[in-house]
Amino acid sequence: MHFDRFKRRQFITLIGGAVAWPAVARAQQSATSVIGFLNSQSPEGYTGSLRGFRQGLRDAGYVEGENVTIEYRWAHNELDRLPALASELVRRHVAVIATSGGTLSALAAKAATMTIPIVFTGLARPGGNPTGITFLAVDLSAKRLELLRELVPGTARVAVLVNPAEAAVAETTLRDVETAARSFGLQVQVFRADTPDELNAAFESMGRERPDALFVAATAFFVGRHIQLAQLAAFHRIPAAYPLRDFVEGGGLISYGTSIADTYRHVGADAGRILKGAKPAELPVVQASKFELVINRQTAKMLGLTLPDKLLAAADEVIE
């Protein structure tokens with residue numbers, strides 16, 4: 001009799017545990033926050049950016065795969081897909097959406113939801129539910145042109161490559177570059193490209209026109225195609241200045257612009273603060289303030305350029 005009561009208690013304990021376990025699992029699952037990550041490009045061009053983003057999350061106490069899940073949505077430069085991808089994240093009921101790869105990603109997310117917080121890169125005056133960090137990649141155009149002129153003595157004609165699909169960036173870039181070029185006594189020739197084939201065609205034209213140097217605008221499409229751009233410039237032996245270090249790591253000559261790793265670390269940290277309960281309105285939109293000059297010594301050597309001591313001393317990194 002006593003033994004039967006013991007077995008009955010044991011059975012009830014086992015059943016109780018079986019009932020309790022799904023509840024515990026559900027509680028653990030609900031404790032895992034979900035972040036949406038929306039980008040107009042592809043993951044291949046954003047390895048360093050994602051590393052910075054995850055570091056920012058870690059700074060805020062969140063580790064992907066442990067206490068936070070990240071739902072990635074990549075448009076692979078098919079910009080008309082961004083609204084649908086943003087809507088997918090809204091239907092997934094993510095706690096916050098982090099956008100990157102240009103202003104169009106941020107605008108798509110902003111149009112898809114008025115309630116889910118958005119952390120962006122590059123949107124100057126968001127209003128509503130977004131916060132984030134703005135790039136100075138466009139504003140630094142004059143400085144980048146000056147550095148290119150120092151690196152390539154005797155420069156008289158500069159090609160400027162812009163993406164017509166990002167009209168606002170193209171317009172601002174051309175205005176700033178043309179103003180700076182006039183002050184330096186340089187002639188500017190504009191080339192436009194919005195697809196890989198158009199990039200090839202633009203460089204074929206440059207190969208015939210033979211400009212002294214090339215200025216590449218800061219656009220998401222060009223960042224996503226940074227390897228192709230660096231290879232085309234090398235093939236046509238055109239010294240080129242770029243907005244971000246990704247290009248120089250891929251074989252480009254020189255870059256001067258915002259530190260992308262630092263920028264995305266800030267985005268990750270803001271996303272983490274929002275997960276902890278902060279409201280976007282409580283997180284001011286900040287302007288990127290860390291910049292870096294990166295030079296590829298081997299590319300300079302291949303182009304027959306001597307790196308001035310002044311530039312070497314100023315460089316944050318010289319890639320050997």
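The values are calculated or read from the model by the stated rules, or taken from the named source; none is laboratory data. Because the structure is a prediction, the values reported are computed rather than measured. Note: ideal-geometry Cβ built from the backbone for every residue, glycine included; neighbour counts use all protein chains shown.
Pull up segment 256-280, narrow it to residues that are surrounded by fewer than 19 Cβ atoms within 10 Å (Cβ to Cβ) and among the charged types (D, E, K, R), then point me to the one that is farthest from Val96 (Cα to Cα). Looking at residues that are surrounded by fewer than 19 Cβ atoms within 10 Å (Cβ to Cβ) and among the charged types (D, E, K, R), I get Asp262. Would you call Thr258 at pLDDT below 90, closer than 23 Å to Ala300 by Cβ and hydroxyl-bearing (Ser, Thr, Tyr)? Taking the combined requirement at face value, the residue satisfies it. Screening the candidates Asn200, Asn163 for the property of being more than 26 Å from Glu292 (Cα to Cα) and in contact with a helix residue (DSSP H, G or I) (Cβ under 8 Å, 6 or more places away or on another chain) yields one hit, Asn200.
Yes/no per residue for (1) in the same structural domain as Val286 (by TED's automatic domain parsing); (2) modelled with pLDDT under 90; (3) more than 30 Å from Leu275 (Cβ to Cβ):
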residue	(1), (2), (3)
Gly127	yes, yes, no
Leu145	no, no, yes
Gly154	no, no, yes
Val160	no, no, yes
Val169	no, yes, yes
Arg175	no, no, yes
Val188	no, no, yes
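Among the residues of segment 241-249, is any at pLDDT 95 or above and surrounded by fewer than 23 Cβ atoms within 10 Å (Cβ to Cβ)? Looking for residues that are at pLDDT 95 or above and surrounded by fewer than 23 Cβ atoms within 10 Å (Cβ to Cβ), one finds none in segment 241-249, hence no. What about Ala108, is it at pLDDT 90 or above, of a type in the set (Gly, Ala, Ser) and surrounded by 21 or more Cβ atoms within 10 Å (Cβ to Cβ)? So Ala108 passes the test.
The number of residues in segment 81-117 that are in contact (Cβ under 8 Å) with a residue 40 or more places away in the chain, assigned to a helix (DSSP H, G or I) and farther than 19 Å from Thr69 by Cβ comes to 5.
One line per residue, one yes/no per condition, for (1) in contact (Cβ under 8 Å) with a residue 60 or more places away in the chain; (2) acidic (Asp, Glu); (3) in contact with a helix residue (DSSP H, G or I) (Cβ under 8 Å, 6 or more places away or on another chain):
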position	(1), (2), (3)
Ala218	yes, no, yes
Ala241	yes, no, yes
Leu253	yes, no, yes
Thr263	yes, no, yes
Ala269	yes, no, yes
Leu283	yes, no, yes
Phe291	yes, no, no
Asn296	no, no, yes
Thr299	yes, no, yes
